[in-house]
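Bear in mind that the values in this text are calculations on the coordinates, not laboratory data. Computed from a prediction, not measured in an experiment: that's the story for all the values here. Don't worry about glycine lacking a Cβ; one is built from the backbone with ideal geometry, like all the others, and counts go over all protein chains shown.
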Amino acid sequence: MTDMWKIVLGELDKKMGVEIVEESAERVVATMPVDGNRQSLGLLHGGAMVCLAEAVGSWAAVIHASTLGKVAVGVDINATHHSSGLQGQVTATATAIRLGRTLTSHEVLITDDAGKRLCTARITNAIVDKRG
């Protein structure tokens, strides 16, 4: 069995202040500050939440794919914004819906410091052979 892939933050993740809290194929948890990720009205940018959702869901899929000797590539993401982030940090939790041999699906919940749901996303990744 292949060693599990470990999350490495990319350039955008670093710019957004993302920090990894937990990592496995079944569940990835990360935090991100509201400061530095606001839109012009002073609220947490919806695109920042989708970016965070894609990151945690894709990381979980890549971890799963690594156990199969493969990689994961995103094919679909959708998000519903329920409320606005105003301050503090948000927490994104990606939970596996299905970990298959060709596709993975994860639900991502983004909450504020008080545990209030701000966004719900679903991401699907294809499991493919390594290119290289």
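A DSSP coil position with no more than 16 other Cβ atoms inside 10 Å describes the following GluC sites (Glu not before Pro) in the stretch 1-71: Glu26. Taken along the Cα-to-beta-carbon direction at a fixed 7 Å, the label points for Thr95 and Arg117 span 1.0 nm. Using a cutoff of 8 angstrom between alpha carbon atoms and counting only pairs six or more residues apart, the relative contact order for the chain works out to 27 percent. Once the Cα atoms are used to define both axes, helix 46-66 deviates from the longest principal axis of the chain by about 20 degrees. Each Lys or Arg adds one and each Asp or Glu takes one away; over the other residues whose Cβ falls under 12 Å from the Cβ of Gln89, this sums to -4.
Between Glu107 and Leu68, how high is the FRET efficiency from 1/(1 + (r/R0)^6) when r is the Cβ-Cβ distance and R₀ = 35 Å? Nearest 0.05.
Efficiency at R0 = 35 Å is approximately 0.95.
Computed from backbone phi with θ = phi - 60° and the Karplus coefficients 6.51, -1.76 and 1.60, the 3J(HN,Hα) list for the stretch 88-101 is x, 9, 10, 10, 10, 10, 9, 10, 5, 9, 8, 10, x, 7 Hz; x is used for glycine and proline.
Here the 3J(HN,Hα) profile of the stretch 114-126, calculated from phi with Karplus coefficients 6.51, -1.76 and 1.60 at θ = phi - 60°, is 8, x, 6, 6, 9, 8, 10, 10, 10, 10, 10, 10, 8 Hz, Gly and Pro shown as x. In this label model, Thr31 and Leu9 are separated by 1.2 nm, measuring between points 7 Å along each Cα→Cβ vector. Cβ-to-Cβ counts within 10 Å put Ser105, Ser58 in ascending order as Ser105, Ser58, the fewest first. Set the Cα radius of gyration of the stretch 1-122 against 2.2 N^0.38 Å, with N its number of residues, and you get 1.03.
Loop-located trypsin sites (Lys or Arg not before Pro) in the stretch 1-76 (DSSP state other than H, G, I, E, B) with a sparse environment of at most 13 neighbouring Cβ atoms within 10 Å: Lys6. Taking other C-beta atoms within 10 angstrom as a stand-in for reagent exposure, Val50, Val108 fall in the order Val50, Val108, fewest first.
Annotation: the residues Cys51, Cys119, sorted from fewest to most other C-beta atoms within 10 Å of their own C-beta, follow the order Cys51, Cys119.
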